[in-house]
1. If you check A:K81, A:K123, A:K104, which single one turns out to be part of a loop (DSSP other than H, G, I, E, B) and at pLDDT 95 or above?
2. Taking the residues in segment A:47-60 that are touching a residue at least 40 places away in the same chain (Cβ under 8 Å) and more than 15 Å from A:A25 (Cα to Cα) as candidates, determine which candidate is surrounded by the most Cβ atoms within 10 Å (Cβ to Cβ).
3. Looking only at segment B:238-272, how many residues end up being in contact (Cβ under 8 Å) with a residue 60 or more places away in the chain, part of a helix (DSSP H, G or I) and within 12 Å of chain A (Cβ to nearest Cβ)?
4. For segment A:168-196, which positions are aliphatic (A, V, I, L, M) and either out of contact with any Lys or Arg (no Cβ under 8 Å at 6 or more places or on another chain) or surrounded by fewer than 23 Cβ atoms within 10 Å (Cβ to Cβ) (or both)?
5. Where in segment A:319-387 are there helices (runs of 4 or more DSSP H), lying wholly inside it, with at least 3 residues that are charged (D, E, K, R)?
6. Just to be sure I understand, how many residues within segment B:224-256 are out of contact with any strand residue (DSSP E or B) (no Cβ under 9 Å at 6 or more places or on another chain) and of a type in the set (V, I, T)?
7. Restricting attention to segment A:326-367, which residues are crowded, with 22+ Cβ neighbours inside 10 Å and of a type in the set (G, A, S)?
8. Scan B:L138, B:L92 and give me the residue that is part of a strand (DSSP E or B), modelled with pLDDT of 95 or more and under 22 Å from B:C246 (Cα atoms).
There are 2 protein chains.
Amino acid sequence: MENFTYCTPTKLIFGKGAIEQLPAALKPLGRKILLTYGGGSIRKIGLYDEVKRLLADFEVYELSGIEPNPKYTSSVLAGVKLCKEHGIDAVLAVGGGSVLDCSKAICAGALYDGEPWDLITYKVKAQKALPLVDVLTLAATGSEYDSACVISRTETNDKVGYLDEHLYPVASILDPRYTYSVSKKQTAAGAADAINHIMEQYFCEKHSALTDGMCEAAIKSLIKNAGIALREPENYDARGEFMVDCSLACNGILSIGNSPSGWPCHGMEHALSAYYDITHGEGLAVLTPRWMKHILSDRTMERFVSFGTHIFGIDSALPEQEIADRTIAATYALFESFGIPMHLRDVGIDETRLGEMAHHIAVNEGLDGAWAPLSEADILAILKASL
Amino acid sequence: MENFTYCTPTKLIFGKGAIEQLPAALKPLGRKILLTYGGGSIRKIGLYDEVKRLLADFEVYELSGIEPNPKYTSSVLAGVKLCKEHGIDAVLAVGGGSVLDCSKAICAGALYDGEPWDLITYKVKAQKALPLVDVLTLAATGSEYDSACVISRTETNDKVGYLDEHLYPVASILDPRYTYSVSKKQTAAGAADAINHIMEQYFCEKHSALTDGMCEAAIKSLIKNAGIALREPENYDARGEFMVDCSLACNGILSIGNSPSGWPCHGMEHALSAYYDITHGEGLAVLTPRWMKHILSDRTMERFVSFGTHIFGIDSALPEQEIADRTIAATYALFESFGIPMHLRDVGIDETRLGEMAHHIAVNEGLDGAWAPLSEADILAILKASL
């Protein structure tokens, strides 16, 4: 195992009626709350009214309309402004990964005197952040149980991942019923996102029986429960286990002590979303099997064999190359079976800007240092193969 | 999944040289430190001197001689007295599970005005506790990553488990090299303890693909790495993975959302240790296969089949009863292969007090409410079968 420091101080409050613990979770943090959310979905499912009822004893300000691939100027800066104007004590995010990510950036920016973008791009290290509590309505990114956020800046085609230990939510409220209304498209994209999160940790140099087994358990659970949730959107147990899978998938516990991998698919997908504003999980699903095919080599073979035999039950007696080929095909078929469009063209991306994106990725994402290093030419080849 | 609240705020600092982070971990907690440890082992491996060097800028008081199955009067009360006398700010435990457990009870007792036993027996709820940092020298109990401690009171043959959210260590320093000198006997007992921790969570009513898979991963990793560590005590990777396995084994993450099991083997073993002061992990190894045999029924069969096929690779095409029988035999053989004495008589326990212990367990441990309920007669039968 590699040296590591691991700490996730977030309290996960899971289950039917978990929302009732919201006032107790917020009370120690202060009285002035900024409630953040996205479009209208939390109103449709009655959650907005429920939250407002529970916040009766608090002074509540609101930031609504947070977009998918949340935007720096229209959402992060707007939220920071509200926090500073009203002396907000804590942020309550109600939504999915985009709302949570945006709210994390707001929490950091609210207690910083300069330009928040300097924090997000690590020009300045955050010394503190407002405390964040969230109520999750879409299982996918794992933002409810990690210290990361991803923020887009449309003007510069940047989509930047930002991690800081101050950004762990204080508490995350997970009631699977709030995800019943999540569409097939978003459920599938969430599953692809979480599966890729784990693959990004699994495909690395140093790993252990413990981390391999935990990663495989979580991926198999995601496959099983995504399948059920797509057929039966109101299956409580499937939505619940899927939710917890997603929370653990991005949190580091499943790969504790593994060597870093460089998260190459995320590095590439961030450009797709930044340039074309596509759904993150769909971009990942398209890229993943093409990335696998591109990095397959004698050096990386062991991971493909392990993944394929354990996840898809491919016969370990077959030749390694055969196992690897079947593993890549099975990964493609899995995402396709979720109903995800499996070509960039299907999500509105053509060849026009592939070169520009490959350059942007090569310059900004450091993938030449990934476990399987990717040069600009490698990235372009993967993007072209994904068309 | 069942409703749950999960939060482990402890920072795990793992790896070669992790000890260098000790001053930084203690500094925010205060200047007056109570250093707690057991017999002389930390002096033998040079760790005592290393810790004292790193604590040069702190005011250090010491409590040494903490026993295995740590005792309330001689250790907990002695530590509480030192804390109150000197206005201790934080406790630094250097040792294995017994030292850590004792130190947790000291941390709670130090900030309580009454009799600490009232906290330990839940007569009074702790409102706060001194912060605890630890340096682990024996991988087994998982005390470095949970909120539990087990304290013995010799006068009354009590050995009581006490959990409180104030008892999570602030930071746990895990350098696998500190466990190189752990004897074969203690390494084996540690493995049995951790494996049983996971079995106590696995054998329950409600579980998931996620928790089953994570539990199986950790048990398989423990089996693999205990085997290596027993043969090669200075194998860094094996000692390291074993250490992390043990930390996760008792922490709840592996069984997140499972229904409670009642921890029956621990309930029974606590009496064995309280009456005879035996090694906890050895007592568990003796009891586990006898408990399995006793509770096997149509209702519990599914867990045996799952455990046996996934952990021991028993052919799933066999009849269920055959799989279950082989699973119990394989569990016995596993602990025996570690070199653990597999009969109570081997650890100095004869039939004299079995009835008295069974009664004590039935009265104090609530095992009639366990997943597979145990009456006093059941407990006595298991103890007799373990002779």
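1. A:K123
2. A:L47
3. Number satisfying all stated conditions: 11.
4. Result: A:V170, A:I173, A:L174, A:V182, A:A188, A:A189, A:A191, A:A192, A:A194, A:I195.
5. A:320-337, A:376-385
6. 1
7. A:A358, the sole residue that qualifies.
8. Checking each option against the conditions leaves just B:L92.
The values are calculated or read from the model by the stated rules, or taken from the named source; none is laboratory data. This structure is a prediction, so every number in the text was calculated from the model and none was measured. Using ideal geometry, Cβ is built from the backbone for each residue, glycine included, and neighbour counts are taken over all protein chains shown.
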